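Each remark here refers to the structure printed beneath this line.
Derivation of every value follows stated rules applied to the coordinates shown; laboratory data play no part. Worth saying up front: this structure is predicted, and the values here are computed from it rather than measured. Cβ sites come from the backbone with ideal geometry, for glycine too, and all protein chains shown count toward neighbours.
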């Protein structure tokens, strides 16, 4: 467990950051891969092992950081929604529903989707909680983070290893 | 982004994905292995980070064009790192199986 502290800590940090307005919108494509890279650097410092890093380790660190970020990010979002009875979903859903009209789908399907989303919005505004919203946000976070986390991990290992190779080549 | 064309991801992400796609096509015609340099990676990400920080600090308003082109540059460069990493990962997994 101890050897996975770095990705879990970085994942928790990103989970918190992704709930900050504006900054949070950069979380998937920029902040999460950066956090995975930092977790690899942190792990190197903690273990004082500066050897070439295995790509499978990068993949695992990416996945763990992503999952930790999804877990803590969703939990914080649920708590904030409960407290304020409003979130980015309730503010932007009407605009998203308007966009539905452009989709090449059956009218009954569009209505069903719009009704479900508006139901979730009403639940949040009334009670500060919607099971549909909570479930879909959690699944969405897990899927996105488990894609971008490992990508960040692989790129991070490639960067760290390319530095080491260069240093070794100059020494030789 | 321009006129009637819309993407269902943000401009920056669209730029990153398109950049990675362009690099993947370029990569098909390159027979030599691309040497990875951290400097190039950092240089390619600097415009994007400056843009992100400038928007967060309200120095200027979010511009789709800026976000798209800085993302495009970053995506084009990061693809080569991702491709290299993926190759090495597959090699590593093969070696582990042996």
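Odds and ends about this structure:
- In degrees, nearest ten, helix A:55-84 long axis to first principal axis of chain A (Cα): 30 degrees
- The mean count of C-beta atoms from other chains within 10 Å of the C-beta of residues in B:80-93, rounded to a whole number, is 5.
- Kirkwood hydrodynamic radius of the stretch B:11-97, Cα pairs, Å: 14.1 Å
- Pairwise label distance in nanometres, residue A:44 with residue A:110, each label 7 Å out on the Cα-Cβ vector: 5.3 nm
- Averaged over the residues of peptide A:151-162, the number of Cβ atoms from other protein chains lying within 10 Å of each residue's Cβ is 6.
- Cα-based helix-to-principal-axis angle, A:107-127 vs chain A, degrees rounded to 10: 80 degrees
- In chain B, the longest principal axis of the Cα atoms and the axis of helix B:64-97 are about 20 degrees apart.
- What separates the Cα centres of the stretch B:11-77 and the stretch A:86-162 is a distance of 25 Å.
- Relative pair counts by distance (%), Cα atoms of chain A, 5 Å bins: 1, 9, 15, 16, 14, 12, 10, 8, 6, 4, 3, 1, 1, 0
- In this label model, residue B:28 and residue B:8 are separated by 2.5 nm, measuring between points 7 Å along each Cα→Cβ vector.
- Length-normalised contact order of chain B in % [C-alpha pairs under 8 Å, at least 6 apart]: 47 percent
- Note on B:28-37: average number of Cβ atoms from other chains within 10 Å of each residue's Cβ is 1.
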